[in-house]
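In what follows, a structure is listed as structure tokens, so that the remarks can point back to it.
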Amino acid sequence: MEINANYTSLVAIGDSFTEGMSDLLPDGSYRGWADLLAGRMAARTPGFRYANLAVRGKLIGQIVDEQVDAAAAMQADVVTLVGGLNDTLRPKCDMGMVRGLLEEAVERLAPNCKQLVLMRSPTRNGPVQERFRPRMEELFAHVDDLAARHGALVVELYQVPALSDQRMWDVDRLHLTPEGHRRVAEAVWQALGYEPEDDWRAPLPAPVPPNWATQRIADARFARQYLLPWIGRRLTGRSSGDGRPPKRPELLPYEGPIA
């Protein structure tokens with residue numbers, strides 16, 4: 001049952017998850033769940049406006065400093081905020097600081113939109129998830145608390161087995177595939193009260209286990225192309241988003257594929 005079919009604008013802020021990596025388009029840009037959601041909302045509402053301020057690699061402090069005030073000033077009907085997970089993956093992470101910054105963001109955004117949307121982000125099954133699970137769950141518990149205090153919606157993605165399936169993740173093992181982004185868009189769509197169009201929680205077919213050689217080749221490729229550069233950026237204090245502007249910095253009428 002629909003709760004509200006009258007949303008006229010959407011602003012999305014955060015990091016690579018919201019920028020849309022790795023839902024790659026033919027022109028080399030990224031689409032992602034937020035663009036997909038905007039297209040579907042625009043199909044229902046003439047003149048629908050959309051901004052996406054998210055930039056890959058951003059930590060929660062950077063999201064607060066660079067995106068939150070701009071998003072609040074836009075006075076959009078819906079604002080989505082997903083951030084803090086990059087912080088939890090750092091070798092040294094002050095979770096008290098992360099919680100405080102996330103709370104600051106919510107306190108600024110909630111009074112300046114009709115509906116704030118937070119998420120318990122999906123994670124890929126594997127050793128990285130297990131190593132950092134305590135931090136992630138501390139972050140998500142804080143998300144739940146903030147939502148309860150500020151009237152935000154929480155989209156539960158973390159405990160959905162289909163989204164933890166390794167086949168939902170790109171070869172970099174950090175970002176969702178196009179199918180993963182499509183499912184997240186459907187999850188947010190339903191959380192906002194729109195009529196469901198499919199079961200985004202549906203499990204994938206049983207996997208065919210790769211043979212030993214194929215898996216080792218994939219592991220070596222991952223380490224060479226993604227893991228070692230990621231470690232290098234961490235050691236030198238660089239980010240994949242350094243100097244990169246947001247892809248939709250202004251709240252303008254949506255122009256793109258209509259879902």
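Considering the conditions (1) more than 22 Å from ASN86 (Cα to Cα); (2) of a type outside the set (Ser, Thr, Tyr); (3) modelled with pLDDT under 95, LEU235 is excluded by exactly one of them, (1). Just one of the listed residues (ASP65, ASP87, ASP69) is farther than 25 Å from LEU174 by Cβ and free of Cβ contacts under 8 Å to residues at least 60 places away in the same chain, namely ASP69.
For region 134-150, check the following and say yes or no: at least one residue is in contact with a Lys or Arg (Cβ under 7 Å, 6 or more places away or on another chain) and not in a helix (DSSP H, G or I). No, every residue in region 134-150 fails to be in contact with a Lys or Arg (Cβ under 7 Å, 6 or more places away or on another chain) and not in a helix (DSSP H, G or I). Filtered by the rule that a residue be polar (S, T, N, Q) and not in a helix (DSSP H, G or I), region 69-88 gives GLN75, THR80.
Considering only region 92-123, state which residues are part of a loop (DSSP other than H, G, I, E, B) and in contact with a helix residue (DSSP H, G or I) (Cβ under 7 Å, 6 or more places away or on another chain). Please lay out each step first, then the result.
Pass one, region 92-123, residues part of a loop (DSSP other than H, G, I, E, B): 92-94, 113-114, 121-123.
The answer is CYS93, SER121, PRO122, THR123.
Scan region 153-194 for residues that are touching a residue at least 60 places away in the same chain (Cβ under 8 Å), among the aliphatic types (A, V, I, L, M) and farther than 20 Å from MET21 by Cα and the total you get is 2.
Could you check region 201-216 and list, in sequence order, the residues that are in contact (Cβ under 8 Å) with a residue 24 or more places away in the chain and either under 18 Å from VAL155 (Cβ atoms) or among the basic types (Lys, Arg) (or both)? Full working, then the answer.
To start, the set of residues in region 201-216 that are in contact (Cβ under 8 Å) with a residue 24 or more places away in the chain comprises 201-204, 207.
Once the filter is applied, which keeps residues that are in contact (Cβ under 8 Å) with a residue 24 or more places away in the chain and either under 18 Å from VAL155 (Cβ atoms) or among the basic types (Lys, Arg) (or both), region 201-216 yields ARG201, ALA202.
Checked against (1) of a type outside the set (Val, Ile, Thr); (2) touching a strand residue (DSSP E or B) at 6+ places or on another chain (Cβ under 8 Å); (3) part of a loop (DSSP other than H, G, I, E, B), TYR50 passes all but condition (3). Here ARG49 meets each of (1) of a type outside the set (Val, Ile, Thr); (2) over 14 Å from ARG244 (Cβ atoms); (3) modelled with pLDDT under 95 with one exception, condition (3). Scanning region 198-216 for residues that are charged (D, E, K, R) and at pLDDT below 85 turns up just one, ARG216. In region 151-172, the qualifying residues are those that are closer than 21 Å to LEU25 by Cβ and part of a loop (DSSP other than H, G, I, E, B), and the one that is modelled with the highest pLDDT is ASP170.
Does region 5-27 contain at least one residue that is at positive phi and either modelled with pLDDT under 95 or under 14 Å from the mean Cα position of the chain (by Cα) (or both)? There is at least one residue in region 5-27 that is at positive phi and either modelled with pLDDT under 95 or under 14 Å from the mean Cα position of the chain (by Cα) (or both).
The values are calculated or read from the model by the stated rules, or taken from the named source; none is laboratory data. Note that the structure is a prediction, hence the values are computed from the model and not measured. As a convention, Cβ positions derive from the backbone with ideal geometry for all residues, glycine included, and neighbour counts pool all protein chains shown.
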